[in-house]
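Right, one structure below, let's go through it.
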């Protein structure tokens with residue numbers, strides 16, 4: 001096991017009757033990183049998370065968390081935000097946060113102080129005495145996250161953390177996640193929001209039908225799927241450029257085009273040719289690197305073909 005691994009998953013499998021939900025899966029999550037777990041619905045992400053948390057036992061393989069097998073004391077160093085939210089709806093917000101903090105080993109005084117500070121940071125100090133049922137879905141989501149990090153864990157595992165949040169509250173949550181990481185915390189995040197993964201995550205694991213499909217640094221994976229092409233926006237007779245084999249309009253509501261390059265051509269050659277042509281003007285020039293959403297669709301559809 002890598003000594004820098006917060007989580008090490010070694011050849012785990014899990015079946016429900018004849019259905020294999022997780023199939024010989026191995027990966028590591030490094031300390032201090034934001035790690036994305038991706039895959040279509042039913043891919044095995046939630047089952048994998050529950051095995052990491054010892055809610056489910058793998059049929060085969062081993063899992064170590066924070067340096068060893070998961071124990072009761074180790075669990076107090078973990079925060080978990082499940083997709084199925086679990087707040088007590090008829091309890092007042094501050095009272096509930098303090099109670100859940102004490103379940104994680106905090107003193108009541110420390111839990112109260114930390115809860116009040118978190119509510120202030122979340123912009124919800126004025127909601128402390130309200131019942132959870134009186135809050136909007138977005139407010140409940142922020143409270144749920146606050147409960148997840150209240151006891152200052154070393155590791156948090158969060159399932160769809162931005163679900164139900166508007167852009168402003170998404171930014172608040174994002175800042176809190178980066179603060180957690182900058183203090184040395186480790187984050188495992190399952191989400192379908194690929195733009196958030198590109199912006200926030202260091203590495204990712206994509207699984208489909210319980211098996212690993214992609215694993216590694218986010219930018220490395222994007223580069224692996226890059227086309228031998230460039231995206232250009234501006235004015236010019238692009239097909240006349242030496243080294244361009246095909247011009248393809250992009251369906252993005254703008255005037256950008258995709259210039260497919262001949263095998264020997266490079267982006268530098270194309271840019272130099274444009275610069276040397278007085279009748280060509282560019283507003284945008286970039287390598288044709290697909291976003292994670294396109295890669296996700298390509299991988300999943302390829303597996304179903």
- Relative to the longest principal axis of the chain, what angle (0 to 90°, nearest 10) does the C-alpha long axis of helix 108-121 take? 30 degrees
- Note on the structure: Of 107, 190, 240, the most mobile residue in a GNM of the chain (C-alpha springs, cutoff 10 Å) is 240
- Considering only DSSP beta bridges whose two residues both sit in the chain, what percent are antiparallel, to the nearest 5? 70 percent
- Message: With angles folded into 0 to 90 degrees, how steeply does helix 292-304 sit against the dominant principal axis of the chain? Use alpha carbons for both and round to 10.
- Response: 90 degrees
- Prolate/oblate/rounded call for segment 227-288, Cα gyration tensor, a/c under 1.5 rounded: oblate
- Tilt relative to the chain, helix 137-149 - C-alpha long axis, 0 to 90 degrees, to 10: 70 degrees
- Under a GNM of the chain (C-alpha, springs under 10 Å), which listed residue has the highest mean-square fluctuation: 114, 133, 18? 18
- Using a Gaussian network model of the chain whose springs link C-alpha atoms within less than 10 Å, name the residue from 154, 291, 126 with the highest mean-square fluctuation. 126
- Query: To the nearest Å, what is the center-to-center distance of segment 174-207 and segment 208-228, using C-alpha atoms only?
  - Reply: 16 Å
- Using only helices, what value at 222 nm comes out for the chain when you add -39,500 (n - 2.57) per DSSP H run of length 4 or more and divide by the total residues, to the nearest 500 deg cm²/dmol? -10000 deg cm²/dmol
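Taken together, the values in this text are just the output of simple stated rules run on the coordinates, not laboratory data. Predicted, not measured: the structure shown is a model, and the values here were computed from it.
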